[in-house]
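Here the structure comes first, spelled out in structure tokens, and everything after it is commentary.
The values are calculated or read from the model by the stated rules, or taken from the named source; none is laboratory data. What you see is a predicted model, and the numbers here were worked out from it, not measured in a lab. Cβ coordinates were reconstructed from backbone atoms using ideal geometry, including for glycine residues, and neighbour counts include every protein chain displayed.
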Amino acid sequence: GSADFDLYRPSEEHDMLRDAIRSLSEAKIAPHAAAVDEEARFPREALDALVANDLHAVHVPEEYGGAGADALATVIVIEEVARVCASSSLIPAVNKLGSLPVILSGSEELKKRYLGPLAKGDAMFSYCLSEPDAGSDAAGMKTRAVREGDSYVLNGVKRWITNAGESEFYTVMAVTDPSKRSKGISAFVVEKSDPGVSFGAPEKKLGIKGSPTREVYLDNVRVPADRMIGEEGTGFATAMKTLDHTRITIAAQALGIAQGALDYAKGYVRERKQFGKPIADFQGIQFMLADMAMKISAARALTYQAAAASERGDADLTYQGAAAKCFASDVAMEVTTDAVQLLGGYGYTRDYPVERMMRDAKITQLYEGTNQIQRVVMARNLP
Ligand code: CAA
């Protein structure tokens, strides 16, 4: 019946949400995107605009004060913000990444305590898995959490932490039993204000310069035992389950960056005249635009399908999340590179946004697992 075909198009509610987030992004976020990049400063205007419209953490369930948006709605928000400013899109994306361990595996008490402030916009959430010597091999982490009475004492260094310093709350994975590798890792909520928490200098990056990336230092940080997320020894599985869902948000970010680059290039080639006519009249240019649009369509289909799998909790989610992230991020790199090509020398300058989009796209092939790791994950979970 016709209901089956609705699977292939977002609902009216999703379309309305897209209209709302697109207008907000164009009015309040796009005007600051170049300055945020140039000055490598946190996009405060974007955070304020997203919070004012309840779009900073739409995934938080209603029972904890959130909007209770589904995975596709969350994807649409991130996609539309990324279309104008990739750095700003990490606000809703990392709020989901940081808090999803609590949503998936946390006690009722932890959910009440930490999701409320996130939903209200009083706090952001970051996710601390990687370390200086544990990137792709996340289970090789060294950060320790040692039980002492009713507390755990955490020591170690977490690296590449998105929005570190800006977030109030941090999900931290740490080793509670060194003899068990991944089964000896536990997850905790750490607060910025906990004594012993401090941050490294912001990394100087190629792109997403508005989103601070810093080390998080844990120096004898004592947290009550009830801040453990789930049971002792389940932290690695929780971290991996989280990434199954949130790799789709990185796919969304990649998709938005690519769409932003195509939209800009499309307008440019209609205006730019050479040999007495708009360069859009040349077939060589038209074919590039056609390829860019085709790749974006394919990436969007994969991303929305993965979002539906995330929402339903499908058995093949691990594969779907990895496939969407891997494919969409490669598309973002290709499309943004082509957008720079279409603008020629102008595209290579900071007077136009496409070189920023190309620099921002690169990270989507790296974080939440490199695209080589995505292939490892896909190969282990073939459909
Ligand atoms: N769901 C549930 N449990 C899972 C799981 C999943 N998808 N994947 C693994 N597990 C659990 C299982 O319990 C498994 O044990 P069993 O084999 O008994 O089932 C256990 O974890 C160990 O799994 P593996 O043996 O597969 O572990 P591994 O050491 O081989 O690692 C890996 C697998 C896929 C390479 C993983 O280490 C990985 O994903 N690496 C990349 C890390 C990553 O993505 N980092 C991104 C950091 S976040 C970031 O970038 C954030 C940012 O700021 C934006």
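Inspect the range 351-372 for any residue being out of contact with any Phe, Trp or Tyr (no Cβ under 7 Å at 6 or more places or on another chain), near the ligand (Cβ under 10 Å from one of its atoms) and acidic (D, E) and give the result as yes or no.
Looking through the range 351-372, at least one residue is out of contact with any Phe, Trp or Tyr (no Cβ under 7 Å at 6 or more places or on another chain), near the ligand (Cβ under 10 Å from one of its atoms) and acidic (D, E).
To keep it simple, each residue is scored yes or no on (1) outside any helix (DSSP H, G or I); (2) loosely packed, with under 15 Cβ neighbours inside 10 Å; (3) among the hydroxyl-bearing types (S, T, Y).
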residue: A307; (1), (2), (3): no, no, no
residue: Y319; (1), (2), (3): no, no, yes
residue: A323; (1), (2), (3): no, no, no
residue: T337; (1), (2), (3): no, no, yes
residue: V340; (1), (2), (3): no, no, no
residue: E355; (1), (2), (3): no, no, no
residue: D360; (1), (2), (3): no, no, no
residue: P383; (1), (2), (3): yes, yes, no
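When you go through (1) in contact with a Gly (Cβ under 8 Å, 6 or more places away or on another chain); (2) within 16 Å of the ligand (Cβ to nearest atom); (3) small (G, A, S) one by one for G165, which number turns out not to apply?
Going through (1) in contact with a Gly (Cβ under 8 Å, 6 or more places away or on another chain); (2) within 16 Å of the ligand (Cβ to nearest atom); (3) small (G, A, S) one by one, G165 breaks only (1).
Checking I296 against (1) within 16 Å of G207 (Cα to Cα); (2) in a helix (DSSP H, G or I), which test does it fail?
Only one criterion is unmet by I296, namely (1).
Looking at L110, L129, L97 in this structure, which one is touching a Lys or Arg at 6+ places or on another chain (Cβ under 8 Å) and within 16 Å of the ligand (Cβ to nearest atom)?
Going through L110, L129, L97 in turn, the sole match is L129.
Name the residue, out of L317, L342, that is farther than 17 Å from A261 by Cβ and modelled with pLDDT of 95 or more.
From the options L317, L342, the qualifying one is L317.
I'd like to know if the range 213-235 contains one or more residues that are within 12 Å of the ligand (Cβ to nearest atom), under 26 Å from S310 (Cβ atoms), touching a residue at least 12 places away in the same chain (Cβ under 8 Å) and assigned to a helix (DSSP H, G or I).
Yes, some residue in the range 213-235 is within 12 Å of the ligand (Cβ to nearest atom), under 26 Å from S310 (Cβ atoms), touching a residue at least 12 places away in the same chain (Cβ under 8 Å) and assigned to a helix (DSSP H, G or I).
Need pairs with beta-carbon distance below 7 Å; first residue under 16 Å from A71 (Cβ atoms) and within the range 8-20, second assigned to a helix (DSSP H, G or I) and of a type in the set (G, A, S); sequence gap 6+ or separate chains.
Every condition considered, the pairs that remain are H14/A73; L17/A73.
Just a yes or no: is a residue in the range 174-184 away from the ligand (no atom under 15 Å from the Cβ) and within 24 Å of N95 (Cα to Cα)?
no
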